[in-house]
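Take a look at the structure below.
The values are calculated or read from the model by the stated rules, or taken from the named source; none is laboratory data. Since the structure is predicted, the reported quantities are computational estimates derived from the model, not experimental observations. Neighbour counts are summed over all protein chains in view; Cβ atoms, including those assigned to glycine, are modelled from backbone coordinates with ideal geometry.
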Amino acid sequence: MSHSILVIEDEEDLAHILIDYLRFAGFTAEAIHDGRQAQERLAKALPDLVLLDLMLPGVDGLTLLRELRAHSVYPDVPVILVTARVEEVDRLVGLESGADDYICKPFSPREVVARIKTVLRRSRASAAPARPAADQLTTDPQTLRACYGAQRLDLTPKEFELIHILIAHPGRVFSRAQLLERLQPDNFEVSERAIDSHMKNLRRKLAQIAPAREMIRSVYGVGFVYEG
């Protein structure tokens, strides 16, 4: 299965050249030329690696990188910055914001492909998980998969975000407001009761695969806690 690469680059001719080289190298690749469109695309599905230009219309690349790294579900997606800025301070800001690598224009498309392969190898090596126990619930934010042992759960993106947040903090009680803030930080019109609806469906699905266990417990008047 080929890795998917999302090229976020406002120079369309350059983006098309990169796409051609990436596809020739065996990757699945697509290009987006606007920062706001990139936000929408990343919210729908996650690529295996992002090739990100800093100078973008709509939303700049550094803001996109920081949003990606701050997101509770998508903190570990490899990102390579591509920019015309060559000053050391710009490179340091990008790397300190969570970029995995940094390429300055002008560059060789072959070098970009080589850097992508290197970052993906490094990412796989550091993220290789141990084989989960048969009764262990695990989540993988890069593939948006949640599994109970070897059995995969059929979850919506919001349900996945909820269980990923909860199992990352076992024993911690989250209020509805806290969960809503993590799921939809920019939407103040959504009721906290939306959390109840997502949680009801999530707990029903968990009960179907592990009927003897109550993994998520309601805390009356407060919120929810994952107890495993």
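With respect to Arg176, is the statement that it is among the charged types (D, E, K, R), over 19 Å from Thr138 (Cα atoms), surrounded by fewer than 19 Cβ atoms within 10 Å (Cβ to Cβ) and at pLDDT below 90 true?
Yes.
Within the group Val50, Val59, Val82, Val86, which residue is at pLDDT below 90 and under 16 Å from Asp10 (Cα atoms)?
Step by step, each of Val50, Val59, Val82, Val86 is checked, and only Val82 is at pLDDT below 90 and under 16 Å from Asp10 (Cα atoms).
Can you name the residue in segment 1-16 that is of a type outside the set (Ser, Thr, Tyr) and loosely packed, with under 15 Cβ neighbours inside 10 Å and, of all such residues, is nearest to Met55 (Cα to Cα)?
Glu12
Kindly list the number of the only condition in (1) within 24 Å of the chain's Cα centre (by Cα); (2) surrounded by fewer than 18 Cβ atoms within 10 Å (Cβ to Cβ) that fails for Ile216.
Result: Ile216 fails condition (2) only.
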